[in-house]
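The values are calculated or read from the model by the stated rules, or taken from the named source; none is laboratory data. Predicted model only: the values in this text are computed from it and were never measured. Neighbour counts run over all protein chains shown; Cβ positions are idealised from the backbone, glycine included.
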Amino acid sequence: MINKKIKSKNSFFWIYAVIFAIFLGIFFFKSSFSTPKKIDQDTFFDILSKGEVQKILVKHKETVLVYLKKDAFLEGSNTYRDFSNENERKFFTTYPLQYEFEIGDLQFFQKKFEEYKNKYNIVATIDFKNQQEYTITKFFFDYGVFFILLIFFWIFIFRRIGATGGGAGGQIFNIGKSKAKLFDENDDVKITFKDVAGLDGAKEEVQEIVDFLKSPQKYTKLGGKIPKGALLIGPPGTGKTLLAKAVAGEAKVPFFSLSGSDFVEMFVGVGASRVRDLFEKAKEKSPCIIFIDEIDAIGRARGKSSIAGSNDERENTLNQLLTEMDGFGTNTNVIVLAATNRSDILDQALLRPGRFDRTIIVDTPELNERKEIFCVHLKRLVLSNNVDIDFLARQTPGFSGADIANVCNESALIAARKNRSEIISQDFLDAIDRIIGGLEKKNKIIKPNEKKRIAYHEAGHATISWLLEHAAPLVKVTIVPRGRTLGSAWYLPEERQLTTPEQMKDEICTLLAGRSAEEIIFSSISTGALNDLERVTKQAQSMVVIFGLNDKIGNISYYDSTGQNEFSFSKPYSEKTAQIIDEEISKIITEQYQRAKKILKNNEKKLSMLANQLLEKEVLFREDLKKIFGERPYPDEIGDMLSTVNSNP
Ligand code: ADP
């Protein structure tokens with residue numbers, strides 16, 4: 001099929017090339033033979049005196065065309081034209097225009113011409129032509145070739161645009177057509193609910209959509225209406241597209257897939273026209289599913305942040321989408337699924353019943369769900385016996401389904417790079433490290449005194465996290481640069497639904513421990529704490545202005561989940577409150593910094609031991625910390641599990 005296409009494209013190319021070559025050939029042939037030979041005035045009068053001129057034509061009072069008598073070319077005549085061969089000579093005898101020259105003053109020339117005529121008794125005539133006169137052939141040869149070249153160029157450009165423009169038909173004329181990709185029974189990609197791990201709640205909800213599509217009568221019989229759309233909301237990579245594809249696969253109906261940005265084009269009106277086209281196509285294929293990924297590209301709330309009508313085009317597209325969703329009846333059996341991770345900025349009109357009737361939350365997977373996702377993706381890998389899925393799932397909090405798929409793939413690549421015949425547990429850990437922290441940069445040049453500072457900084461984090469009750473359990477601490485960091489302490493945060501102020505404060509204290517350690521040991525601080533400080537500031541801010549966890553501010557939250565309040569340009573609190581907020585944020589951070597310093601001072605010896613070991617070994621695990629600090633003072637389930645796996649050889 002593809003070969004055929006390429007072949008037909010090639011033959012078109014050759015046809016064009018041959019036609020082009022023919023025209024080019026004619027053009028050069030004609031121009032080399034039909035152009036009169038340039039001569040000067042003296043030569044002309046010489047020819048004239050020999051009686052070989054039939055007539056002359058004066059064009060625009062400045063150019064003279066000379067037509068010779070036919071017998072001027074016969075053998076023995078004194079012609080001035082040198083013929084390279086017999087053919088050329090014949091050509092000239094057939095076309096009587098032979099010479100051309102310029103004159104300065106017409107009157108003077110005319111006078112001289114008459115003198116010569118009288119003197120040599122010549123019958124040659126003189127004509128004048130002041131207007132541009134064109135015969136069709138002349139016009140064609142002067143301009144036709146140019147036009148033909150232009151047409152070829154035009155065709156070439158349009159074919160190029162067509163080829164790169166993509167979309168249905170791939171032509172510029174199809175710009176208003178929808179770019180949706182259709183998956184139907186002819187496609188091999190068959191995804192079912194079995195391929196979607198976890199997401200039990202979401203699956204249950206979309207199961208119903210499958211049911212609507214399979215047997216709509218069951219619901220309409222009782223007077224119910226089939227929902228027109230469902231909105232899948234969740235962070236990127238959590239399996240929204242996968243879920244939508246599974247719905248189509250289970251219901252065995254065609255599936256139109258496109259992204260919100262596919263509606264957007266630089267031309268006005270194209271978006272709306274694409275929406276119309278999409279729905280027309282969908283109705284033809286009904287029952288079917290339309291899946292619009294990243295719908296926030298067009299579904300953003302209207303009328304907000306529209307600076308001088310800059311969003312008109314997007315609004316038109318959204319209006320058209322709303323109209324279409326309203327327009328098709330409940331019996332058309334076209335269900336629109338849309339996905340976004342920014343439901344807060346969506347236009348309320350999209351969310352009202354009758355458009356996207358259902359909202360399905362697709363969240364990052366929890367421990368058990370991660371285990372299931374690992375199971376799905378590990379199926380096609382060659383694993384060693386020591387790979388523990390439960391352990392992998394615990395090591396990957398906050399990972400989305402796509403991240404997990406990536407870990408599995410990356411671990412296979414790492415194992416292959418190390419020429420292993422199967423993938424072992426360590427390959428997965430390396431893959432996770434790589435995905436979280438970026439590529440290891442062992443060769444980065446770091447000065448010894450900088451390295452020492454980094455070691456103390458990281459040892460500070462590790463020490464505090466070991467000694468505080470609510471700090472996240474430490475996995476390892478390293479001074480090997482990775483990605484954009486020079487060293488890092490790796491934690492495995494507890495997966496909790498609620499957080500208390502004590503937990504938040506302990507986390508802030510751990511984050512500030514790096515800088516505190518630097519201050520204690522070197523009596524100076526450095527820029528190495530940038531990332532820590534950024535996180536600390538955000539955490540403290542959220543305690544005061546979002547979660548209402550500050551005594552002075554009280555139970556007030558300035559958070560706006562709709563993102564549509566009028567305060568976007570002005571703060572929703574007074575200057576006085578702003579000052580208190582600033583003071584309170586600063587107070588939390590200072591308190592925790594002093595706390596970290598105090599704890600580290602009390603454990604300065606152990607801190608130094610840890611830093612020195614770190615300088616020596618570069619990576620330390622929980623077991624190494626246990627040797628220095630003894631058992632952790634608080635019960636620590638996850639930490640204990642980590643100890644059994646991670647340790648220095
Ligand atoms: P989204 O549309 O939410 O951004 P996708 O559906 O495109 O995410 O997911 C990307 C990839 O991640 C999928 O192709 C799949 O390999 C993997 N993935 C995500 N979630 C899951 C899941 N629940 N089960 C299995 N694989 C998943």
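How about the range 597-619: which of its residues are touching a helix residue (DSSP H, G or I) at 6+ places or on another chain (Cβ under 8 Å) and either at pLDDT below 90 or within 24 Å of ASP433 (Cβ to Cβ) (or both)? Full working, then the answer.
Applying the first criterion (touching a helix residue (DSSP H, G or I) at 6+ places or on another chain (Cβ under 8 Å)) to the range 597-619 yields 597, 599-601, 603-604, 606-615, 617.
Within the range 597-619, LEU610, ALA611, ASN612, GLN613, LEU614, LEU615, LYS617 meet the criteria.
Rundown of residues vs (1) part of a helix (DSSP H, G or I); (2) under 39 Å from the mean Cα position of the chain (by Cα); (3) buried (at least 17 other Cβ atoms within 10 Å of the Cβ), yes/no style:
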| site | (1), (2), (3) |
| --- | --- |
| ALA489 | no, yes, yes |
| PRO493 | no, yes, no |
| ARG496 | no, yes, no |
| GLU507 | yes, yes, yes |
| ALA513 | yes, no, yes |
| SER516 | yes, no, yes |
| ILE521 | yes, no, yes |
| ILE525 | no, no, no |
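Condition first: surrounded by 15 or more Cβ atoms within 10 Å (Cβ to Cβ), within 16 Å of the ligand (Cβ to nearest atom) and in a loop (DSSP other than H, G, I, E, B). Now tell me which residues in the range 199-235 satisfy that.
Correct list: LEU199, GLY234.
Under 9 Å by Cβ, and 6 or more places apart or on different chains, what pairs join a residue from the range 391-402 that is within 9 Å of ILE373 (Cβ to Cβ) with one that is charged (D, E, K, R) and within 14 Å of the ligand (Cβ to nearest atom)?
From residues that are within 9 Å of ILE373 (Cβ to Cβ), the pairs are ALA393/GLU369; ALA393/ARG370; ALA393/LYS371; ALA393/GLU372; PHE399/ARG370; GLY401/GLU369; GLY401/ARG370.
Going residue by residue through the range 532-540, is there one that turns out to be at pLDDT 90 or above and surrounded by 21 or more Cβ atoms within 10 Å (Cβ to Cβ)? Please lay out each step first, then the result.
Step one: list which residues in the range 532-540 are at pLDDT 90 or above, which gives 532-540.
Adding the requirement that they be surrounded by 21 or more Cβ atoms within 10 Å (Cβ to Cβ) leaves 536, 540.
So far as the range 532-540 goes, yes, one or more of its residues are at pLDDT 90 or above and surrounded by 21 or more Cβ atoms within 10 Å (Cβ to Cβ).
It is to be established whether one or more residues within the range 274-292 are within 16 Å of the ligand (Cβ to nearest atom), over 17 Å from LYS181 (Cα atoms) and not in a loop (DSSP other than H, G, I, E, B). Talk me through it step by step, then tell me what you get.
Let us first name the residues in the range 274-292 that are within 16 Å of the ligand (Cβ to nearest atom), namely 289-292.
So of that shortlist, the ones also over 17 Å from LYS181 (Cα atoms) come out as none.
Scanning the range 274-292, I find no residue that is within 16 Å of the ligand (Cβ to nearest atom), over 17 Å from LYS181 (Cα atoms) and not in a loop (DSSP other than H, G, I, E, B), so the answer is no.
Show the residue pairs that are 6+ apart or on different chains and have beta-carbon atoms under 7 Å apart, the first residue being within the range 364-379 and more than 7 Å from the ligand (Cβ to nearest atom), the second being among the basic types (Lys, Arg).
Close Cβ pairs (under 7 Å, with a partner that is among the basic types (Lys, Arg)) amount to LEU367/ARG394.
Considering only residues that are assigned to a loop (DSSP other than H, G, I, E, B) and among the hydrophobic types (A, V, I, L, M, F, W, C), look in the range 409-441 and name the one that is farthest from the chain's Cα centre (by Cα). Explain how you work it out, then say what you get.
Going through the range 409-441, the residues assigned to a loop (DSSP other than H, G, I, E, B) turn out to be 418-422, 424, 438-439, 441.
Filter again for among the hydrophobic types (A, V, I, L, M, F, W, C), leaving 424, 439.
Values: ILE424: 35, LEU439: 23 Å.
Looking at residues that are assigned to a loop (DSSP other than H, G, I, E, B) and among the hydrophobic types (A, V, I, L, M, F, W, C), I get ILE424.
Taking the range 620-649 on its own, how many of its residues are at pLDDT below 80 and not hydrophobic (A, V, I, L, M, F, W, C)?
13
Among what's in the range 442-456 and is within 25 Å of ARG622 (Cβ to Cβ) and over 38 Å from the mean Cα position of the chain (by Cα), pick the residue that is surrounded by the most Cβ atoms within 10 Å (Cβ to Cβ). Lay out the reasoning, then the answer.
Quick first cut of the range 442-456, residues within 25 Å of ARG622 (Cβ to Cβ) only: 442, 451-456.
Checking the rest, the ones that are also over 38 Å from the mean Cα position of the chain (by Cα) come to 451-453, 455-456.
Working: LYS451: 16, LYS452: 18, ARG453: 25, ALA455: 25, TYR456: 27.
Among those that are within 25 Å of ARG622 (Cβ to Cβ) and over 38 Å from the mean Cα position of the chain (by Cα), it is TYR456.
Looking at (1) in contact (Cβ under 8 Å) with a residue 40 or more places away in the chain; (2) at negative phi; (3) surrounded by fewer than 21 Cβ atoms within 10 Å (Cβ to Cβ); (4) more than 16 Å from the ligand (Cβ to nearest atom), can you tell me which one ALA459 breaks?
Here ALA459 clears every test but (3).
Just to verify a result, which residue in the range 393-408, among those that are part of a helix (DSSP H, G or I) and more than 14 Å from the ligand (Cβ to nearest atom), is surrounded by the fewest Cβ atoms within 10 Å (Cβ to Cβ)?
Initial filter on the range 393-408 (part of a helix (DSSP H, G or I)): 393-395, 401-408.
The next check asks that each one be more than 14 Å from the ligand (Cβ to nearest atom); those that pass are 394-395.
Values: ARG394: 18, GLN395: 25.
Here the residue is ARG394.
Yes or no: VAL264 on the phi < 0 side of the Ramachandran plot, more than 16 Å from the ligand (Cβ to nearest atom) and in contact with a Ser or Thr (Cβ under 9 Å, 6 or more places away or on another chain)?
The answer is yes for VAL264.
Which members of the range 238-254 meet the condition of being within 13 Å of the ligand (Cβ to nearest atom), not polar (S, T, N, Q) and not in a helix (DSSP H, G or I)?
The one that is within 13 Å of the ligand (Cβ to nearest atom), not polar (S, T, N, Q) and not in a helix (DSSP H, G or I): GLY239.
Is it true that some residue in the range 411-418 is more than 13 Å from the ligand (Cβ to nearest atom) and under 17 Å from CYS375 (Cα atoms)?
Filtering the range 411-418 down to residues more than 13 Å from the ligand (Cβ to nearest atom) leaves 411-418.
Among the residues that remain, those that are also under 17 Å from CYS375 (Cα atoms) are: 411-412.
Yes, the range 411-418 has at least one match.
LEU182 is checked against (1) crowded, with 20+ Cβ neighbours inside 10 Å; (2) in a strand (DSSP E or B); (3) away from the ligand (no atom under 14 Å from the Cβ) and fails just one. What number does that condition carry?
It is condition (1) that LEU182 fails.
Criterion first (in contact with a helix residue (DSSP H, G or I) (Cβ under 6 Å, 6 or more places away or on another chain), more than 29 Å from PHE629 (Cα to Cα) and not assigned by TED's automatic domain parsing to the domain that holds ARG380) does GLY483 satisfy it?
Working: in contact with a helix residue (DSSP H, G or I) (Cβ under 6 Å, 6 or more places away or on another chain): yes; more than 29 Å from PHE629 (Cα to Cα): yes; not assigned by TED's automatic domain parsing to the domain that holds ARG380: yes.
So GLY483 passes the test.
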